[in-house]
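What follows is a set of notes on a single structure, which appears directly below.
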Amino acid sequence: MYELTGVTKTYRRGKATVTALDDIALSVPTGGRLVIQGPTGGGKSTLLQLLGGLDRATSGSVLLDGTDLSRLSEAKLTRLRAERIGFVFQGFHLIPTLTAQENVETALVPLGLRTAERRRRAAEALESVALAERAGHLPSELSGGQQQRVAIARALAKRPQVLLADEPTGNLDESTRDEVIGLLEAQWKELGLTFVMVTHDSAVAARADRVARIARGRITVTDRAAAAD
């Protein structure tokens, strides 16, 4: 699924050049799960943005099924994100004036689906996260955990191949955190998604067999399943 080779990402900060990622090599197989950890400013979110086509590498290649995301035109990259990649963030990013159903439907608008099909897919996605009965509620009428479940439904409604999550439990208490992580894991397994998640929470990372740690732009991957074999 993903194959990264020699990936470097630099930014200009005044007169200085900041290296967010430094010669990264990484692979994530189709249907695999990878959890990314590391200190603040270490490059975690930058890596996730490159995987999601939200940013481009300064050098190196970021291949998704053989397609280098860094070389796609903006139009093709936008289409790829809309069709193949679902995003879940720490902030729920729900539109406050839209219902849960309508928020989920927003992810389907770029796909050009008919209204009836958008509604059907959104309803199915909300049912998959146990929120069918809340479809008509505004975000302000939902708990934090419910809002994150709506955000997950929005990511899944497009039926992506890849699910990218950036600190999806960062705004949740411990009990709700476990509920949301359990839901994400269930959807990953049931749908055969390729799942990459950034988290600062060691309890969340401990649930994954494969963990990448990024510090100062460099990456180290630990594969507990392979070590057990």
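Each reported figure results from applying straightforward, stated rules to the coordinates on display, with no laboratory input. Everything numeric in this text was worked out from a predicted model, so none of it was measured. No Cβ is skipped: glycine too gets one built from the backbone with ideal geometry, and neighbour counts run over all protein chains shown.
The table for this structure:
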| item | result |
| --- | --- |
| Contour excess over end-to-end distance, with Cα ends at ARG159 and ARG71 and 0.36 nm allotted per residue | 29.2 nm |
| Positive-pole candidate from ALA208, PRO168, TYR11, dipole of the chain, charges at beta carbon | TYR11 |
| Within a Gaussian network of the chain (alpha carbon springs, distance under 10 Å), most fluctuating of ARG218, ARG114, ARG81 | ARG114 |
| Scattering profile of region 109-218 at q = 0.10 Å⁻¹ [log10 I(q)/I(0), Debye over alpha-carbon scatterers] | -0.32 |
| Inter-probe distance in nm under a simple model that places probes 7 Å from Cα toward Cβ, at THR115 and ARG12 | 4.8 nm |
| Cβ charges +1 (Lys, Arg) and -1 (Asp, Glu), total dipole of region 43-122, debye | 160 debye |
| Cross-link reach list, aspartates and glutamates versus LYS158, counting only Cα pairs under 15 Å and skipping chain neighbours closer than eight places | GLU83, GLU102, GLU105, GLU117, GLU124, GLU127 |
| Cα-derived Rg over Rh, computed across region 78-133 with Rh taken as Kirkwood radius | 0.95 |
| Qualifying lysines (Cα of each under 19 Å from Cα of LYS9; at least 8 residues distant if same chain) | LYS44 |
| Cα-centred dipole magnitude for region 179-229, charges only on beta-carbon of K, R (+1) and D, E (-1), debye, nearest 20 | 340 debye |
| Local electrostatic count at ASN171 - Lys and Arg +1, Asp and Glu -1, tallied over other residues with Cβ under 14 Å | -4 |
| Rounded to the nearest 20 debye, dipole of the chain from Cβ charges on Lys, Arg, Asp, Glu | 800 debye |
| Computed [θ] at 222 nm, helices only, for the chain once each DSSP H run of length n ≥ 4 contributes -39500 (n - 2.57) | -10500 deg cm²/dmol |
| Distance cut-off 31 Å, percentage of C-alpha pairs in the chain lying past it | 22 percent |
| Highest-fluctuation residue, ALA100, ALA75, ALA57 considered, GNM on the chain with Cα pairs under 10 Å | ALA75 |
| Percent antiparallel among DSSP beta bridges (both partners in region 98-229, rounded to 5) | 55 percent |
| Top of ARG13, ARG120, ARG134 by mean-square fluctuation, Gaussian network on the chain, Cα under 10 Å | ARG13 |
